[in-house]
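Data first, discussion second: the structure below is written as structure tokens.
Every read-out reported here was derived from the displayed coordinates using simple, explicitly stated rules and does not represent laboratory data. Please read all numbers here as calculations on a predicted model, not as lab measurements. Neighbour counts run over all protein chains shown; Cβ positions are idealised from the backbone, glycine included.
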């Protein structure tokens, strides 16, 4: 309809300031990380605005439009994955879920034991490069699997649901560990997992 504006909703930065006193991940690291996450929220909103402006101006086929569209996956996934990451952490977390819990059973159903799964996840997280280690669930089979996502968008499995998300970019640990000490950061990450939050993401 002529004159009708394209509708969109502005994303709000979520508040994760309750995350303090984590084991092996300093408050200063978290403070810097929260600010970086806020940048993804801002950039996602800016991209939405600019793409809509170009669309309404009849410039959908322009090189500028194409580049903004290509950038969207990076910024939006950066926003969402950080929300998953912060959302599965808590002070006083634990290294592993209860064996009788739904997430504990789901892991063992796929990997035979928690130890086998954890070793695989840690190896994925220690891979060279910048990105994310993610435990996904297949919505069709309900099977869990560990994956590496480069940057924020390369390697995401279409339709799979993130269950446990670990940021493996160096900004997640560089104030606390040397670049070669990523395995120490991964151990710290595991000691802060909020397994109740992780379990709530399971597809029943």
Label-to-label distance, nm, for residues given as residue 128 and residue 170 (7 Å Cα→Cβ offset): 1.4
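Efficiency by 1/(1 + (r/R0)^6): what FRET value for residue 20 and residue 181, r their Cβ-Cβ distance, R0 = 25 Å, to the nearest 0.05?
0.65
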Enclosed volume per residue, in Å³, of the convex hull spanned by Cα atoms of the stretch 27-87: 66
Alpha-carbon centroids, the stretch 105-164 and the stretch 24-74: separation in whole Å: 26
Distance in nm between pseudo-label sites at residue 66 and residue 120 (7 Å out along the Cβ direction from Cα): 4.0
Two-site label geometry, residue 11 and residue 28: point separation in nm, points 7 Å out along Cα→Cβ: 2.9
Within the chain, helix-based [θ] at 222 nm, where runs of 4 or more DSSP H residues each add -39,500 (n - 2.57), nearest 500: -15000 deg cm²/dmol
Least to most buried among 82, 147 (fewest other Cβ within 10 Å first): 147, 82
In degrees, nearest ten, helix 102-111 long axis to first principal axis of the chain (Cα): 80
Taking 26, 145, 100, 112 and counting other C-beta atoms within 10 Å, the order from fewest to most: 100, 112, 26, 145
Order of 28, 5 - criterion: other Cβ atoms within 10 Å of each residue's Cβ, fewest first: 5, 28
The stretch 27-87 - percent relative contact order, Cα under 8 Å, separation 6 or more: 46
Efficiency of FRET between residue 154 and residue 55 - r from beta-carbon atoms, R0 25 angstrom, step 0.05: 0.45
